[in-house]
Amino acid sequence: MLRVGRNTGSSPPQYISCNAPASKQALEQDRHLLKRKLETVRSEYDIRITELQADIRELSRSLTERESVLKQSEKEKAALITELTEQNDRLTSQLKEVLGLMSDVEVSRNMIGILDSLVWHRGESPKAKLLVDHYSTFPHM
């Protein structure tokens, strides 16, 4: 028997009669259903954990691969920068050399022009002629 309601003191407690074997059977059925539901939830949980672990492995592999590609790309970039810097230095040096030669040629041309004008103004002086001949033989002319 189950007690129902409150005992206020003025009236006696009320009891309900229950069928114990039928109640026990219902509780056993509920217990069995809850066990099956728990097993299903655990199974779904285990499947989800397995899927998430596979995802983690795949993402880890992908991250490692991308890091490797990035490192290789950085190495290639550094090598290219070094190569271009060396090429730039080499071309700058060559340009300075060419500009120096052009300056020497310009100076030589000016000297020849001055000497030629001397030869024309003073006539064919042997000294002026020797200077003109001397500067005319420069290979960079």
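In segment 95-115, the residue that is surrounded by the fewest Cβ atoms within 10 Å (Cβ to Cβ) out of those that are in contact with a helix residue (DSSP H, G or I) (Cβ under 9 Å, 6 or more places away or on another chain) and of a type in the set (A, V, I, L, M) is M111.
For segment 79-94, the condition of being surrounded by 10 or more Cβ atoms within 10 Å (Cβ to Cβ), free of Cβ contacts under 8 Å to residues at least 24 places away in the same chain and in contact with a Leu (Cβ under 8 Å, 6 or more places away or on another chain) holds for none of the residues. All conditions but one from (1) surrounded by 10 or more Cβ atoms within 10 Å (Cβ to Cβ); (2) modelled with pLDDT under 95 apply to S11; the one that does not is (1).
The values are calculated or read from the model by the stated rules, or taken from the named source; none is laboratory data. Keep in mind that what you see is a predicted model, and the values were worked out from it rather than measured. A quick note on method: Cβ atoms are made from the backbone with ideal geometry, for glycine too, and the neighbour counts reach across all protein chains shown.
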